[in-house]
Amino acid sequence: MPRVYFDYSLRPWQARALKELAGRRFAVVVAHRRAGKTEVMALRLLLAAMHLVRVHPAPLFGYIAPFLNQARAVAWERLKYYCRSLPDVRINEADTAVTLWNGAAIRLFGADHPDRLRGLGFDGVVLDEVAQMKPDTWSAVVRPALSDRRGWAVFIGTPKGQNIFHELYREALAKGDWYAGLFTPDLTKVISAEETASLQADMPPDLYRQEYLCDFTAANADSFMDFALVHEALKRKPPDHNPAPLAFGLDVARFGDDRTVLVRRRGRVLEAISIRQGQDLMRTAAETAEQINLHRPQAVFVDVVGLGAGVVDRLTQLGHRVMGVNSGSKAVDPERFYNLKAEMWSKMREWLAGATVPDRPDLSSDLLAPRYEYDHSGRLKIESKDDLKARGLLSTDLADALALTFAYPIAMGLAPSAPEAVDNYTIWR
């Protein structure tokens, strides 16, 4: 490999990050605005491509941003600038790609068309602002593209609330073979104390916490669930003895990104969560029937919006008593709540104050994702699944399944039997 010099002096935090990334296949780097994370990752891609021992016919590295135009704006000119020092480099403007003397190519992509990434094999990728990408870009498209070459991936960005980027950071902290780095201005020394003080004075407090203190909770100011409330529930230990009645909540999906989720809630304890994806309705009904026979819940609530009605019909045919719940229907207290969903989520929030739930990033993300508002009559309204997806977030299937268990009060009993509606409530005998 020829000896080359880059016209760039690494900042101390960048040098530290590059050193700590060495030997790690997966990494998450959280850094404040203007820290220089894109700059250092462009160099990371170049260094990896230069040192690659060619074992594949077409070595490929990628920089992936939410949109190709965004990738061009933030990384393309920088990448070409550093390539000035390298011999025998070919630059392809049409494909936003550079190819080095050893055959290794670095190419820019936009995640707005993830299918264009399919069929490629990567030796290494940088995913910038993954929270703004389509939900399955990483898991269904990029991750498989790394498999045959044992390629590496680095996620970079600034927090924007409880989303996939936050989940990846939490996972990286928990896994010994991942790298997790969080760099605020006091660590990077990129922004002077005077400028920091000026930013604090000029920006809303929550926005400053998010953009510069890298606080994942700051963007949750308009989240219906309180961050501290959720994470206290994640830490609690369940009681040794729990005589409370058991309720099932089943949120049904079939294909696509949505998941079929069955939860078991016994009083103040969320005992278990079962997740299925791409499963037909008859299989979902059969597995739910098995769980009913095994655990004998006092109540089984199934969301009948969409595909759930078919599961209710099949469970009823099998001899089980279940309650179909339409979350979009009228609330029990219509003066306070826009619909039944808002009422169920409100009860779930009250329940969380003393509850115990599994410490799962997907559950906490679901609970914290929806925003809320009040309609012209002052009734509480919770953000819909369609609106969540429009913001690039996954459907809150785990939280919705849990919320179903608050549709109606549950009385003690040995097993579910036919419900009797009394004054808008359901009594299970």
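The values are calculated or read from the model by the stated rules, or taken from the named source; none is laboratory data. Values in this document were obtained by computation on a predicted structure and should not be read as measured data. Virtual Cβ from ideal backbone geometry, glycine too; neighbours counted across all protein chains shown.
Hey, does the stretch 390-407 have a residue that's among the hydroxyl-bearing types (S, T, Y), surrounded by 21 or more Cβ atoms within 10 Å (Cβ to Cβ) and over 19 Å from Q132 (Cα atoms)? Yes, the stretch 390-407 contains at least one residue that is among the hydroxyl-bearing types (S, T, Y), surrounded by 21 or more Cβ atoms within 10 Å (Cβ to Cβ) and over 19 Å from Q132 (Cα atoms).
Provide a single number: the residues in the stretch 295-330 that are touching a residue at least 24 places away in the same chain (Cβ under 8 Å) and not in a helix (DSSP H, G or I).
Taking the stretch 295-330 and keeping what is touching a residue at least 24 places away in the same chain (Cβ under 8 Å), we get 295-303, 306-308, 310-311, 314-315, 318, 320-323, 325, 327.
Retained after the next criterion (residues that are not in a helix (DSSP H, G or I)): 296-303, 306-307, 318, 320-323, 325, 327.
Of the residues in the stretch 295-330, 17 are touching a residue at least 24 places away in the same chain (Cβ under 8 Å) and not in a helix (DSSP H, G or I).
The residues on offer are L281, L213, and the sole one that is free of Cβ contacts under 8 Å to residues at least 40 places away in the same chain and hydrophobic (A, V, I, L, M, F, W, C) is L281.
Kindly indicate whether any position in the stretch 358-367 is over 30 Å from R296 (Cβ atoms) and surrounded by fewer than 19 Cβ atoms within 10 Å (Cβ to Cβ).
Here is the first cut: in the stretch 358-367, the residues over 30 Å from R296 (Cβ atoms) are 361, 365.
Next cut, surrounded by fewer than 19 Cβ atoms within 10 Å (Cβ to Cβ) only: 361.
Within the stretch 358-367, one or more residues are over 30 Å from R296 (Cβ atoms) and surrounded by fewer than 19 Cβ atoms within 10 Å (Cβ to Cβ).
Summed over the stretch 1-37, residues that are aromatic (F, W, Y) and either at pLDDT 90 or above or assigned to a strand (DSSP E or B) (or both) total 2.
Among the residues of the stretch 134-149, the ones that are of a type in the set (S, T, Y) and either within 17 Å of L168 (Cβ to Cβ) or in a strand (DSSP E or B) (or both) come to 2 in all. Only residues that are surrounded by 22 or more Cβ atoms within 10 Å (Cβ to Cβ) and within 15 Å of P245 (Cβ to Cβ) were counted in the stretch 289-322, giving 4.
One line per residue, one yes/no per condition, for (1) touching an Asp or Glu at 6+ places or on another chain (Cβ under 8 Å); (2) among the hydroxyl-bearing types (S, T, Y); (3) farther than 23 Å from K80 by Cβ; (4) not assigned by TED's automatic domain parsing to the domain that holds V98:
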{"residue": "F6", "(1), (2), (3), (4)": "no, no, no, yes"}
{"residue": "K19", "(1), (2), (3), (4)": "no, no, yes, no"}
{"residue": "G23", "(1), (2), (3), (4)": "no, no, yes, no"}
{"residue": "F26", "(1), (2), (3), (4)": "yes, no, yes, no"}
{"residue": "R34", "(1), (2), (3), (4)": "no, no, no, no"}
{"residue": "T38", "(1), (2), (3), (4)": "yes, yes, no, no"}
{"residue": "R44", "(1), (2), (3), (4)": "no, no, no, no"}
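A count restricted to the stretch 171-218 and to residues that are more than 27 Å from P361 (Cα to Cα) and modelled with pLDDT under 90 stands at 2. Residue under question is L168, and the condition is that it be loosely packed, with under 15 Cβ neighbours inside 10 Å and in contact with a strand residue (DSSP E or B) (Cβ under 6 Å, 6 or more places away or on another chain); does it hold? No. For the residues R276, R266, the requirement of being within 17 Å of M344 (Cα to Cα) and either surrounded by 20 or more Cβ atoms within 10 Å (Cβ to Cβ) or free of Cβ contacts under 8 Å to residues at least 40 places away in the same chain (or both) singles out R266.
On the stretch given as the stretch 60-83, residues that are without any contact (Cβ under 8 Å) to a residue 60 or more places away in the chain and closer than 19 Å to G36 by Cβ total 12.
Tally up the residues in the stretch 334-365 that are assigned to a loop (DSSP other than H, G, I, E, B) and farther than 22 Å from K385 by Cα, please. Final tally of qualifying residues: 7. Scanning the stretch 219-248 for residues that are of a type in the set (F, W, Y) and either over 27 Å from A369 (Cβ atoms) or modelled with pLDDT under 85 (or both) gives a single hit, F227.
Only residues that are buried (at least 20 other Cβ atoms within 10 Å of the Cβ), part of a loop (DSSP other than H, G, I, E, B) and among the aliphatic types (A, V, I, L, M) were counted across the stretch 84-133, and they come to 4.
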